[in-house]
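> Here it is, the structure in full.
The values are calculated or read from the model by the stated rules, or taken from the named source; none is laboratory data. Note that the coordinates shown come from a computational prediction; the quantities given were computed from them, not determined experimentally. Note that each Cβ is placed from the backbone with ideal geometry, even for glycine, and that neighbours are counted across all protein chains shown. Note: accessible area is taken over every heavy atom of the protein model, side chains too, but ligands, DNA and RNA are not part of it. Shrake-Rupley method; radii C 1.70, N 1.55, O 1.52, S 1.80 Å.
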Amino acid sequence: MSSDHEENVSVYVRATYSLDGRTCAWCREMVPYSGRGRPAVYCSKACRNRAWEVRSAERRLQRDIAAGVLRTEPVRELIRETVTETRTVTVRPKPPAPPKPAKPSPEPGVPTSARAWIALLEALGEQLRDGELGRQHWHHARLYNALVEAVVDLGDAYPGGLDYLRNEVTRRRS
Ligand SMILES: [Zn+2]
């Protein structure tokens, strides 16, 4: 389009507005406007009542505050601290003491009386004199040791007994 000639265009726009509806002052639901009379403020009687209750409650509140019936200071809380300590002590019976190692009981066949030991030693002497044991010299050192240990134990059990025996033997010989 060239601009070598003028165009003069005039447009007149006119807009008209009409109320089609407005939202309820309480619930904000859109309430269609019929076009006649004052547009409704609330969609329903229920919303009108709710709004009225709130307004009157506000009025009461302001009146009470003004009258000093109601104080506007912030709510304070009084806190009571209750500390409860629960201590549970569980007492268990001590475990039974482990059984003491029993004294080594003599093996079966081992004499437990002096009389039986004497009989046994006499039998040993007999075997040494007359039996095979007297000729098995490779056993004799161990027999000596065993007999000496028994004699030492006897000396511990009856201190001085060995000295008495030696004197007795000397006395007999003299
Ligand atoms: Zn409403």
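> Going by what's in this entry, would T72 be described as away from the ligand (no atom under 16 Å from the Cβ), over 30 Å from W26 (Cβ atoms), open to solvent by 100 Å² or more (accessible area, probe 1.4 Å) and out of contact with any Lys or Arg (no Cβ under 6 Å at 6 or more places or on another chain)?
On the way: away from the ligand (no atom under 16 Å from the Cβ): yes; over 30 Å from W26 (Cβ atoms): no; open to solvent by 100 Å² or more (accessible area, probe 1.4 Å): yes; out of contact with any Lys or Arg (no Cβ under 6 Å at 6 or more places or on another chain): yes.
So T72 does not fit the description; no.
For every residue, the table says whether it meets (1) more than 18 Å from L154 (Cα to Cα); (2) modelled with pLDDT under 85; (3) in contact with a strand residue (DSSP E or B) (Cβ under 6 Å, 6 or more places away or on another chain); (4) open to solvent by 80 Å² or more (accessible area, probe 1.4 Å).
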{"position": "P99", "(1), (2), (3), (4)": "yes, yes, no, yes"}
{"position": "T112", "(1), (2), (3), (4)": "no, no, no, yes"}
{"position": "R115", "(1), (2), (3), (4)": "no, no, no, yes"}
{"position": "A123", "(1), (2), (3), (4)": "yes, no, no, no"}
{"position": "E126", "(1), (2), (3), (4)": "yes, no, no, yes"}
{"position": "R129", "(1), (2), (3), (4)": "yes, no, no, yes"}
{"position": "Q136", "(1), (2), (3), (4)": "yes, no, no, no"}
{"position": "H140", "(1), (2), (3), (4)": "yes, no, no, no"}
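> May I pose another question? So which residues in the range 55-66 are at pLDDT 90 or above and either touching an Asp or Glu at 6+ places or on another chain (Cβ under 8 Å) or exposed (fewer than 11 other Cβ atoms within 10 Å of the Cβ) (or both), if there are any at all?
Result: R55, S56, A57, E58, R59.
> Identify the single condition in (1) within 16 Å of the ligand (Cβ to nearest atom); (2) not in a loop (DSSP other than H, G, I, E, B) that S56 does not satisfy, given that it satisfies every other one.
(1)
> Mind listing whichever residues of the range 3-25 are open to solvent by 100 Å² or more (accessible area, probe 1.4 Å) and either closer than 30 Å to N49 by Cα or within 16 Å of the ligand (Cβ to nearest atom) (or both)?
D20, R22
> While we're looking at this one, here's another question. Pairs only if they're at least six apart or on different chains, beta carbon under 9 angstrom, first in the range 31-46 and among the small types (G, A, S), second part of a loop (DSSP other than H, G, I, E, B) and near the ligand (Cβ under 9 Å from one of its atoms); list them, first residue then second.
The qualifying pairs are A40/C24; S44/C24; S44/W26; S44/C27; S44/E29; A46/W26; A46/C27.
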